[in-house]
1. Nearest-5 percent of antiparallel DSSP beta bridges in the chain?
2. At q = 0.10, 0.11, 0.21 Å⁻¹, what log₁₀ I(q)/I(0) does the range 1-97 have when each alpha carbon counts as one equal point scatterer in the Debye sum?
3. Using the Cβ atoms and a cut-off under 13 Å, what net charge is assigned to the surroundings of ASN18, where Lys and Arg are +1 and Asp and Glu are -1?
4. What is the set of long-range amide H partners of ALA34 at a cut-off below 5 Å, with H atoms built 1.01 Å from backbone N?
5. Any idea what the relative contact order of the chain is, in percent, if you count C-alpha pairs under 8 Å spaced at least 6 apart?
6. Enter the angle in degrees (range 0 to 90, nearest 10) between the Cα long axis of helix 17-27 and the first principal axis of the Cα atoms of the chain, meaning the one along which they spread out most.
7. How high is the relative contact order of the range 1-116? Use alpha-carbon pairs under 8 Å, at least six apart in sequence, and give a whole percent.
8. With Rg and the Kirkwood Rh both taken from Cα atoms, where does Rg over Rh land for the range 84-201?
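Every number here is computed from the coordinates shown, using simple stated rules; none is lab data. Note that the structure is predicted; figures quoted are calculated from it, not measured. Methodologically, a virtual Cβ is constructed for each residue, glycine included, from the backbone with ideal geometry; neighbour enumeration extends over all protein chains shown.
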Amino acid sequence: MSKDRVNITILVSGGGTNLQSVIDQVENGYLDKAKIVQIISSNPNAYALERAAKAGIPGICIDKARYPKDTERNAAILKKLKETETDLIVLAGYMSILQPSLIEAYRGRIINIHPALIPKYCGKGFYGKRVHRAVLEGGEHESGATVHFVDEGVDTGRIILQEKVPIEPGDTEESLAARVLTVEHRILPEAIKMFCDGKIR
Ligand code: GRF
């Protein structure tokens, strides 16, 4: 796809530092074709929703409390995606699983950021601090971040960008997470730019 404007919906569940990196890169003109049309959160208390509000971006919550069934949440998300004419879905710390019908409808147009070097330390159960703990327990010398397309598996879609960081002596889950996050904040906007410029599909 190479359009003049790419409508992006960002799905979040937590703090939203990756969301912020995309907002910043839209505002400073690096992502000149991107328009963030809405933020959808699976968590009503996500700080990411405040970041959206501060940036003047519509933020909504589609969570289990309001939509208990997976199919209902899926339908509610799909409705919002259609209303906003979303071209690209970005999962930025989204802690929920998308239903196959949604993935099928947006195949090749959903990307995710994962805080490790896929295919290592990914898949079911590898989320948040658990990823970094497993990397440290695994005695690795390096970790990193990966942006990939989303398919029906967990962290199994085609890799778009990946960058390594070293493990330093005395690293903790927190220190490693922080080092990986600095990379995430760079490669997520970069992958979005590649999509907007029609360089990946
Ligand atoms: C990031 O580490 C991301 O890779 C993972 O969840 C975390 C979200 O952090 N999927 P934030 O909400 O963007 O700060």
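1. The antiparallel proportion sits near 40 percent.
2. At q = 0.10, 0.11, 0.21 Å⁻¹ the computed log10 ratios are -0.24, -0.30, -1.04.
3. Overall, the nearby charge balance is -1.
4. HN-HN under 5 Å from ALA34: VAL6.
5. Relative contact order comes out at 23 percent.
6. 60
7. 32
8. 0.98
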